[in-house]
Amino acid sequence: MKEVVKVLVVDDDEDDFILMKDYLSDVKNVIYDLEWVYNYKEAIKTISRNCHDIYVFDYNLGEFNGLELLKEMNELNIKAPVILLTGNNNINIDIEAMKTGAYEYLVKKEVTPSTLERSMRYALERKRMEDDLYQEKEKALVTLESIGDCVLSTDINGSITSFNYVAEKLTGLLKKEVLGKNIFDILVLIDGNNIDGYKNFMDKVLCQEETVYLPQDASIKNFEGKEYYVEGVVSPIKNRLQKVIGSVVVLRDVTNHRELTKKLHYQARHDVLTGLPNRFKFEEDMIEVVNQPRTALEEHALLYLDLDQFKIINDTCGHFAGDQFLKQIALLMKNNTRETDIIARLGGDEFGILLKNISPTNTCKLAEKICNAIQGYRFVWNNKLFTTGVSIGIVTVNQNYKTFETLLSEADRACYVSKEKGGNTYQLYVDEDEALSERHGEMQWMSTISEALEDNRFVLHYQKIKSLHKENSYSYEALIRMVDKEGNLIYPGAFLSAAQRYNMMPAIDRWVFKNFLIAMEKNSEEIKLKDIEKFNINISGASLNNESIVDFIISELEKYDISPEKICFEITETIALSNFNIANDFINKLRRLGCKFALDDFGSGLTSFEYLKYLPIDYLKIDGSFIKNINNNPIDYAMVDSINQIAHLLNIETVAEFVENEKIVECLNKIGIDYAQGYHIGKPMVLSEVLK
C-alpha cells in the first residue's frame, strides 16, 4: 500500500502549483496529495489546522513573503517540514530561511521533478529522524528527573547546562538559578579534608579526559551550609569527533547510609546496656596498645572481672533490675580506674580492664581498690538491699605478649581461683601456679556436684511460657537448682559453667529428665486438670554428643508412661550449629515419637537463617538480649520482627525470652510473636505452686 503525503502549497501563481502537482504525480510508492492556497491570509487559516505532512511556501506572496509565513507557523508551534521556493538565487534569503527553520531552499527555475521529489523525501526523512531524536531526548529527560541520584552536566568551561530535581533538593537551588553558572560556585565538594579536591577531579575529566570516581569520604556543602556525604562519578561528554565538550556529574546522597553504618559500627563494638566497649572492641584496643613501640621496662595488665552472686539479683528481682545493677557497676569501675585505662563488658556479669603502663604492684593495688568499691556498694531494688563482690584475675602484658585469647584465658583461670577463694579478691596469674590452681578448682566443683547428685540435692523449678494468641494456653520450662548442705538454693549460674567445663552435664541432664518424669507421673491428674500444653527440658551439648542419650530418653518415657507430645526439648543455637549433624539426627529420632523441639537463645551465637531450613524444630526462642530493650531500641525491634517473619515462613513458632514488662508484651503482640516467657509472665516456682 502506497504512503500518502499531504502537501500544502502556498503560491500566488496557480501555474506553479499545477506544474508541481505534475512533477510529483509519477513518483512511485508515494502519493503526494497537494492542496493549493494562493494568499497569505488563507494560508494562515489552513496551516492552523495542522493537517499536512509538508509545506511548500513561495517567497513572494504579495505584500507578505514566505519567511514571514514560516515565522507565523513557528508561532503556532506547527512542527512540520517547510520547503521555500523563490524566483531568485539569493544567498541572504537562503541563510535566513535555514535560520528560521526551513528544511530546504529551492530556486524555481532550477526545480525538476527529481529535485522536487528528492527535497520532499529528504525533508520527510529528516522530520522522522528529528521526531525519533526528540522522543529519545524526552525519555532521557524523564529518566533523569525520575532517578534518585543528583545529575548535572557542564560545558567545557564548567558552566552548568542541565540540573535535575534531585540536584535541586541536594543543593537547595532551583534549576533556573544555576543554569549557566560555574559548577564551583554551586557545589563545594570536600575530598576528606581537602576542599579543593573537586577542582582536581574536574581538571582530570575536562583536560585529561578521564572518568573519575569520588573518594569514599567525599561530601558536599550546599548553599544552606548543610553537609551531605556523597558517592559519585564525574565523566567527560564527547562529541562525534571524540572531543570533550563538557562533563556529567552523578552524585548519590549516602548521608543516612553513612550515619547508619557509623552507628552500626559503634553498636557492633560496644555493649548496648553499659555503653562500654564489648569483647570485640576490647580485643582491637588491646592489640593496638600492645603493638605500640615501647621499652623493655614498660608493662601493661589485663584484668578479668566476674561479679560474685550477681545471679541472685537477676533471679530475685528480674533481669531489668540486674541490668540497672550492671550499669552502676560499670560506673563504679570507671570512677576507680584511670582515664587511660580501657574498660569493657565481655558478656553477662564479666568485665575486662586493660591497664596501660603499670607495674604488677600498682596493678594489685588498683584491683584491691575495685574490689573494695564494689563490695561497699549497696544496691536497693523494691525495698530489698543487695551487696556483692567481684573476683578478679590479673595477667601481666609485657614483651612476651601472646594472643588475646591466650591472655584472656589465663586471666579467666586466675579469676576462677579468686572466686574459689571465696570471691571479692584478686589473683595474679603465674605460669608455675597454673596446674595447681586448675586442679584445685576442678576437684572442688567435681566433688560439690557429685555429692549433690549422690544426695539427690537438686530440685526443679518451672517457669511459665504463655501463648500471646490463645487464652489459657500455657507451657512450662523445667529449670534446675542445687540445694547446699545447709538447705540454701544455689542457682544454675553458679555451677553449670563448671559442670560444662568438667563434663558433668550428661549426669545432670539425666537427673533432670528422670526426676521430671517422676514428678509428671506423680501429679498426672493435677496436670491434666491444669491443661498444661507441654513442658520444656534443656539438653546440653555434652549430652547431645553422648550416643546413649536417645536410648535413655526412650527407655525413661516407656518406664513412666508419659506422652512424648507433652515434652519439648530445648537446644541452644550455638550447640545446634556446632553439632549440626548430631543435633539433626537427635531431633529426628525423638520427633518420630512425638516430642517437640525448640532452638534456644537464638541470636546470641552464630545466628544464620540458612540452617533453619534443614533443622526440624517447632519453636524458636529468641534470645533475651534482643527482647529486654525492644520497646526502646528500634534495631532490636527490627531484628526480632525479621526473625519472627522468617520463622513463620518456615512454620516455626516463636518464643520471646526475658519478657519483663507489659510494654514489651505490647511490642511482641504487634510483631506477632507466638509465646512469651519472663518474670512478667511468671517467675520460676516449684511444681506444687504451679499446680495450685
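Nothing in this text is a laboratory measurement; each read-out follows from the coordinates by a stated rule. Given the structure is predicted, the values throughout are model-derived calculations rather than measurements. Reconstructed Cβ throughout: ideal geometry from the backbone, glycine too, with neighbour counts over all protein chains shown.
The table that follows gives values for the structure above.
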| item | result |
| --- | --- |
| Phi to ³J(HN,Hα) by Karplus 6.51 cos²θ - 1.76 cosθ + 1.60 over region 327-339, Hz, x for Gly, Pro | 4, 5, 5, 4, 5, 4, 5, 4, 6, 10, 10, 8, 4 |
| Per-residue Cβ neighbour rank within 10 angstrom, fewest leading, Tyr103, Tyr637 | Tyr637, Tyr103 |
| Phi to ³J(HN,Hα) by Karplus 6.51 cos²θ - 1.76 cosθ + 1.60 over region 531-541, Hz, x for Gly, Pro | 6, 6, 5, 6, 10, 9, 10, 7, 10, 7, x |
| Links that overshoot a 22 Å alpha carbon limit, given the list Lys369/Lys419; Lys470/Lys530; Lys470/Lys528; Lys28/Lys137; Lys175/Lys221 | Lys28/Lys137 |
| Reported label for calculated Rg and Dmax of the Cα atoms in Å given (1) 27.3, 87; (2) 53.7, 182; (3) 42.3, 131 | (3) |
| Top positive-direction residue, dipole computed over region 437-554 with Cβ charges, set Tyr474, Ala498, Val512 | Tyr474 |
| Amide H contacts of Leu346 (H built 1.01 Å from N, under 5 Å, at least 5 apart or other chain) | Phe351, Gly352 |
| Loop GluC sites (Glu not before Pro), region 336-376 (other Cβ atoms within 10 Å of the site Cβ: 15 or fewer; DSSP) | Glu339 |
| Cα shape, region 169-328, gyration tensor, a/c 1.5 rule | prolate |
| Region 276-429: C-alpha gyration tensor shape, a/c 1.5 cut-off, then a/b vs b/c | prolate |
| Sum of side-chain charges, Lys559 neighbourhood, beta-carbon under 10 Å (Lys, Arg +1; Asp, Glu -1) | -3 |
| Exposure proxy order (Cβ contacts within 10 Å, fewest to most) of Arg121, Arg252 | Arg121, Arg252 |
| Karplus-derived HN-Hα couplings along region 513-522 (A = 6.51, B = -1.76, C = 1.60, θ = phi - 60°), whole Hz, x at Gly and Pro | 5, 5, 6, 5, 5, 4, 5, 5, 5, 5 |
| Rounded Å value of the spacing that divides the Cα centres of region 540-600 and region 164-192 | 65 Å |
| Neighbour cut-off at most 12 other Cβ (10 Å), DSSP loop, GluC sites (Glu not before Pro), region 70-165 | none |
| Percent RCO, i.e. relative contact order, over region 276-429, from Cα pairs under 8 Å lying at least 6 residues apart | 32 percent |
| Between region 1-56 and region 218-233, the Cα center-to-center distance that results, in Å | 58 Å |
| Region 448-690 - percent relative contact order, Cα under 8 Å, separation 6 or more | 20 percent |
| Order of Tyr502, Tyr619, Tyr55 under a 10 Å beta carbon neighbour criterion, fewest first | Tyr502, Tyr619, Tyr55 |
| Unit charges on C-beta of K, R, D, E only; dipole of region 147-259, Debye | 420 debye |
